[in-house]
Every structure is written in C-alpha cells, then in structure tokens.
Amino acid sequence: MTVRIDRHDGLDLDLYHRVVVAGEQVEVAETLYERVDERRAALLDLIADGAAVYGVTTGLGYLTSQGIELEDQNALQRSLLLARASGFGPALPADVVRGAMLLRLTGFLSGFAAVSSGLCRFLLDRLNDGWAPVVPSGPYGASGEIAPLGHLFQTFIGEGHIAEGDEVVSAASALARRDLQPYEPLPKEGGALLNGAPFATALGIHLAGRQRVLLEQAHADAALAIELVHASTRPYARRLGALSRDSAQQRVHERLLELLAGGRAFEDALQAPASFRVVPQVYGAVLGQLETFEARLEAALGAVTDSPLILPAEDDEPAGAYPSGAFHAAAVALALDGLAVGVAQLTNLAEKRLHRLLDARFSGLPEQLAVDPGKQAGAVSLHKAVVALVAENRLLAAPASAQAFDTSTGQEDLQAFEFLAADKLSRALDNLELVFACELVALRQGFHLRGEPPPQPRLAQLLEKLETEVEPIVVDRTLTGDVERVRELVRAGSLT
C-alpha cells in the first residue's frame with residue numbers, strides 16, 4: 001500500500017497511522033515539488049536583492065545583527081544541525097520520530113519554508129527506506145524543538161545514530177549501506193530542518209493513543225468491580241446519561257451497560273460509595289478531554305510551523321520573509337498537562353475501588369481478599385503499591401507548561417516545554433497501567449473467593465483471560481510477577 005500526498009495539508013489521522021505505524025510507503029505529487037521550487041526561487045530573489053533573512057544572511061538569536069557572508073552560508077546550515085543537538089535520556093519511541101519526519105516533510109511541501117525540492121525528495125526517500133534516527137527524549141529547554149530536531153536531522157549529514165533492526169549504527173554507516181552521500185544543506189535548509197513543532201504533534205498522537213487504550217481498560221475494570229460487589233447499576237442508566245447533556249458521559253453510560261449486559265438489570269441495591277457512582281462523570285470528563293485533543297491534533301497535521309516563512313504578496317501584506325511563533329507548541333503542552341490531570345483522576349478512582357474491595361464491610365468478601373484472614377495478608381500489598389503510584393501521579397499532574405525562562409541572551413525568553421509535559425504524561429500512563437494491573441489481580445482473586453464467574457459474557461471472557469495469567473492467592477506469595485504479566489496485557493489492549 002502507498003499513501004499519496006497531493007496537498008501539504010491532506011493528512012488525516014488514518015493516513016498518518018498508515019505511514020507512521022504501519023510503515024506504508026509515501027508518494028508525493030510532482031505539483032507539490034514545483035510549488036516548493038517556486039518558493040525557493042522567491043527566497044533566492046530576496047537574498048539577491050539584499051534582504052536580510054534570519055539564519056541565512058544573519059546570525060541567530062541575539063546575534064541577528066551579525067551578517068553571514070555568501071561563502072559562509074552553507075557552513076552555517078551544517079553547524080546549526082550539530083550545535084543545537086543537546087538532548088539526554090532514553091530514545092524517543094520510533095513512531096514519534098517517524099511521525100516528526102513525516103510532518104516536517106508535509107510542512108516543507110507547503111513551499112513556505114523555502115527549502116529545495118531536493119531536500120524534500122531526500123526526506124521522502126528516508127521515510128520510505130526505514131530511516132530511524134535515535135533521538136534522546138530530553139529534557140529540552142529551548143524555544144521550539146531545535147534540539148531534538150537537530151538530533152533527528154543531523155543524521156542526514158552523516159552525524160548521530162540510526163536504529164537498524166536490533167543494532168544502533170552511526171548515521172555515516174547507515175548512509176553508506178544505502179550507497180548514499182551525506183546531504184549538503186543549502187542556505188536556510190539547516191535552519192528549516194530545526195524549525196517548527198512536528199514533535200509536539202507526533203508526541204501528542206502517540207500519547208493520545210496510549211490513553212485511549214487505558215480508558216477502555218478503565219471501563220472494563222469498573223464493570224468487573226461493580227459486578228463483583230453487586231453494586232447498584234442504576235447510576236449508569238441511560239436516562240441519567242441523557243440528563244447530563246454531556247455526549248462523552250452518555251457514551252460512558254452506554255459502554256458500561258454493554259459490559260454489564262446479561263447480569264443484574266437495574267435492581268434496587270444499596271447505594272455504593274461515590275467512587276463507584278461517579279465513574280460516568282470522571283470517565284466522561286476524561287473522554288471529552290481526550291477527544292478534544294485528538295481533534296486538535298488532526299488539525300495540526302496540516303499546520304505550517306516554520307519560521308521564517310517566505311510568503312507571496314496577499315491583500316495588503318507584501319511578499320517577503322515573515323518571522324513566526326508557530327514553533328511554540330503551547331496548545332499541545334497545555335493539553336498534555338490537562339490529560340495528566342485526567343490520568344490522576346483515573347488513578348484516584350481505581351485506588352478507591354481497590355480499597356473498597358479489600359474491605360469486607362463493603363465487598364461482602366473475606367477481609368483483604370485473603371483465603372484465611374488474619375493468618376494471611378491476601379491482596380493487601382496491591383493496595384499499598386497503588387497508593388504510591390497514585391501519589392506519584394498527583395505529583396506528575398503539576399503543569400510543565402507554566403514554566404518560562406530566558407535563554408539565548410534574552411532572545412528566546414519563553415518555552416512551551418511540550419517534551420516535559422509529554423514525559424510527565426507518559427510516566428503517569430505507565431503508572432496507570434500498573435494501577436489497573438493491580439486492580440485486575442485483586443478482582444481475579446475476588447471472583448475466586450466468590451466462587452462463581454460474572455454472568456455477563458464480556459466480563460466472563462475478560463476474567464478467563466486473567467485466570468490464564470494469574471493463579472488464585474491460596475497462600476501468601478509475592479505478587480510482582482502476576483502484576484507485571486497483567487500489565488503487559490493492559491498495555492497491549494489484550495483485555496478489552
């Protein structure tokens with residue numbers, strides 16, 4: 001299969017996933033290359049006319065008054081790719097890096113970055129031959145994404161490292177394996193490769209996908225807990241969802257009722273604790289938040305985030321180089337911070353449910369889900385682990401996007417910190433996986449003690465999968481291995 005790009009803003013999330021995750025080949029319409037070369041010619045005309053173009057004929061940051069002579073302009077572009085790459089930590093996920101490459105290409109195909117069609121073709125070929133730069137995850141404190149983009153695109157000039165299967169090789173070796181010479185960036189191309197905010201969108205798509213899988217798992221965990229303790233199902237009635245006037249919350253009501261179908265039908269049971277009754281309100285809020293973010297990400301697939309942009313004349317705005325702040329991914333950073341608060345709420349709810357399961361006064365099961373309470377600890381250690389994970393997720397909910405610092409002698413005096421926000425959310429999602437795994441091990445034990453499976457077909461199937469991974473706790477044992485096995489199922493979405 002091949003994804004054809006006929007417009008620079010023609011991507012949607014489906015096409016993005018086909019290229020980035022499924023690894024499909026990409027084809028670009030020749031008309032887009034013609035547009036790129038047209039804008040490139042406009043840039044060269046500006047330079048020939050003596051116009052100052054940031055990062056081409058001038059220095060960068062505070063040193064914009066420093067002129068760059070013609071004979072030094074190519075060397076500057078190479079220098080930019082090397083001097084800005086200053087990240088640390090483990091490598092970013094391969095799909096995030098590949099996504100950033102794709103979005104840099106589509107941004108260039110607008111023509112407004114004024115790079116050459118040769119660079120676009122080189123970038124397209126690397127997408128299609130599985131080029132996988134190793135890009136550290138951070139931290140990054142510059143305005144925009146110049147440091148991670150430096151790590152990514154310095155590989156084009158033979159610097160940095162590439163993941164080739166199970167090994168990591170030098171970019172120079174990877175180019176040689178392909179019988180390629182290192183790319184020689186032309187004036188403005190080094191700066192253009194470093195500009196924009198493609199990583200913000202790629203990180204957002206990656207993390208939104210992870211959170212969607214875990215939100216579906218959250219529904220399954222809640223439904224199992226509701227059935228295990230025979231909590232009233234009336235709080236999940238469709239009529240209550242309709243009365244909320246919240247479409248996301250209504251869909252949570254529908255999903256819970258799907259999972260609970262085949263069991264007790266709205267019987268008049270005692271009122272459960274708030275942590276059981278407010279599942280639609282919390283999950284609905286998180287789902288609405290996630291869907292809003294996904295819509296923003298889809299729109300961002302067609303965005304042009306370069307600076308400066310080489311624009312033609314339009315209405316009362318003249319042709320020329322236009323500095324831009326589009327590299328500042330504030331919208332993504334704020335959204336990632338908001339999602340981290342939502343994840344903290346999901347962990348709060350799971351911890352409360354787990355604690356109620358361990359309490360015989362509420363669950364109707366033996367204390368601490370032990371076969372022989374008092375002589376055995378049962379599943380109590382799971383809750384103690386979850387408490388620590390919840391505490392950490394509350395810390396991770398503090399916003400990264402509220403920070404701002406002066407760099408580059410005051411020229412870069414504000415940062416979006418989308419990489420910090422993404423790292424916080426990623427860690428919070430890791431914790432949420434473990435929280436759900438702990439809850440599921442406890443639920444498996446609870447049904448063992450109850451002595452009968454759930455009557456609901458979907459919940460019964462889920463429990464059967466759990467039983468293949470987790471033995472009942474007949475005598476006390478370390479539960480770490482059980483939790484880790486279930487965590488892998490949660491991460492893969494295998495239980496939903």
A chain fully extended from ASP372 to LEU180 at 0.36 nm per residue, minus the present Cα-Cα distance, gains in nm 62.2 nm
Nearest 10, in degrees from 0 to 90: the angle of helix 330-357 to the longest Cα principal axis of the chain is 10
Kirkwood Rh for segment 1-146 from C-alpha pairs, in Å, is 17.0
Of 75-82, 337-344, ordering from highest average Cβ density within 10 Å down gives 337-344, 75-82
Any chymotrypsin sites (Phe, Trp or Tyr not before Pro) in segment 380-476 that lie in a DSSP loop and have at most 15 other Cβ atoms within 10 Å would be PHE405
Over all directions, segment 265-421 yields a Cα convex hull whose mean projected area in nm² is 16.0
For segment 96-226, the Cα-Cα pair-distance distribution in 10 Å bins from 0, as whole percents, is 12, 38, 29, 11, 7, 3, 0
Over all viewing directions the Cα convex hull of segment 255-340 casts an average projected area in nm² of 9.6
Neighbours of PRO373 by Cβ distance under 14 Å: Lys/Arg at +1, Asp/Glu at -1, summed charge -2
When the charge dipole of the chain is computed with +1 at the Cβ of Lys and Arg and -1 at the Cβ of Asp and Glu, the Cα pointing farthest to the positive end, of VAL483, ALA83, GLN73, is that of VAL483
Result for segment 348-496: accessible area per residue, probe 1.4 angstrom, in square angstrom, of 45
Relative contact order in percent for the chain (Cα pairs under 8 Å, 6+ apart) equals 16
Options (1) 201; (2) 165; (3) 333 are given for volume of the Cα convex hull per residue in Å³, and the computed one is (2)
Of the convex hull drawn through the C-alpha atoms of segment 366-420, the volume per residue in Å³ is 91
Log entry: pair-distance distribution for segment 425-480, C-alpha pairs binned every 5 Å from zero, whole % per bin is 4, 17, 25, 22, 15, 11, 5, 1
For PHE405 and ASP476, extending 7 Å from Cα along the Cα-Cβ vector and measuring point to point gives, in nm, a value of 4.7
Counting only protein heavy atoms and rolling a 1.4 Å probe, one gets per residue an accessible area for segment 152-218 in Å² of 34
With a 1.4 angstrom probe the carbon and sulfur portion of accessible area for the chain, in percent, totals 53
Once GLU452 and ALA388 are pulled to full extension, the length gained, defined as 0.36 nm per residue separation minus their Cα-Cα distance, is 19.9 nm
Residues whose built amide H sits under 5 Å from the amide H of HIS161, excluding neighbours closer than 5 in sequence, are VAL134, ALA171
Looking only at lysines whose Cα falls under 26 Å of LYS465's and that sit 8 or more positions away or on another chain, we get LYS352, LYS384
Residues whose modelled amide H sits under 5 Å from the amide H of ILE5, counting only those 5 or more places away in sequence or on another chain, are GLU27, VAL28, ALA29
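The values are calculated or read from the model by the stated rules, or taken from the named source; none is laboratory data. Only a predicted model underlies this, so the values are computations on that prediction, with no experimental measurement involved. Neighbour counts are summed over all protein chains in view; Cβ atoms, including those assigned to glycine, are modelled from backbone coordinates with ideal geometry. Remember, those area values only see protein heavy atoms, side chains included, never the ligands or the DNA or RNA. Shrake-Rupley method; radii C 1.70, N 1.55, O 1.52, S 1.80 Å.
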